[in-house]
Structure formats: structure tokens, C-alpha cells
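Q: My questions all concern the structure below.
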């Protein structure tokens, strides 16, 4: 299961058997979909959070099969920037949002999303 998640290219993998076991009952394709969604969620890396997202997976249609290969395309610089951002989110979560508020984190995620969408609309 870990080998299946490694090619995603995000650098974050389950840290223990308990976390990995949650995904083991899914197909390889579903494991990747669930893991991508989990990483994108910014939730703390716990088996409970992975399980929560995995139970929502059948309802979650965020990754369409036609677009799946595009999810795997990522430059090393972009990956490093995303990983740094995720580490900052985890750090803020671990200190109970004392140095960076949850609202600020959500605001900047919204700004990034709007910039990506605006760029796509400009290309159309």
C-alpha cells in the first residue's frame, strides 16, 4: 500500500501501521484518490482523520477519471512549495493556531484557489 502511494509525489505517507490499515481495504486506485483528498484536506495525519475521509470517499467525486493523470504532473519546485505550505499548516494545527490563525490559513488557501481559477478562465 505504501509503494502504491509513493508515486503520487507528495512526500507524505502514513507514518504507522494503524494509519496504513485504514487504506488497505481499498483498491489501489481508491487508495490514491483517498490519499490525494486527505493530503489536500490539510487534516492532521492521524488514523482517525484518514478514516473519516475514507468513509466520505464514495461521495467525494473531486478527482474525475479523465483528469487523474493531470494530478500526477507536478514540478519539483511546486511540490516543494506545497510541502512547505502543508508543513506550516501542520505546525499551526499543532500549536492550536496560536501563531497563525485558522481563518488566515483558510483565507490564503482561498486566494491561491482563486488565482488558479482566474488563470484558467483567462486562458479560455
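All of the numbers you see were taken from the coordinates with simple rules; none came from a lab. All values reported here derive from a predicted model rather than from experimental measurement. Cβ atoms come from the backbone with ideal geometry, glycine included; neighbour counts cover every protein chain shown.
Q: Calculate the length of the line joining the C-alpha centroid of region 29-49 to that of region 96-118, in whole Å.
A: Region 29-49 and region 96-118 have Cα centres separated by 19 Å.
Q: While we're looking at this one, here's another question. Which FRET efficiency value, to the nearest 0.05, do you get for residue 3 and residue 83 by plugging their Cβ-Cβ distance into 1/(1 + (r/R0)^6) with R0 = 22 Å? Mind showing how you got there, number by number?
A: On the way: r = 20 Å, r/R0 = 0.90.
With a Förster radius of 22 Å, E is 0.65.
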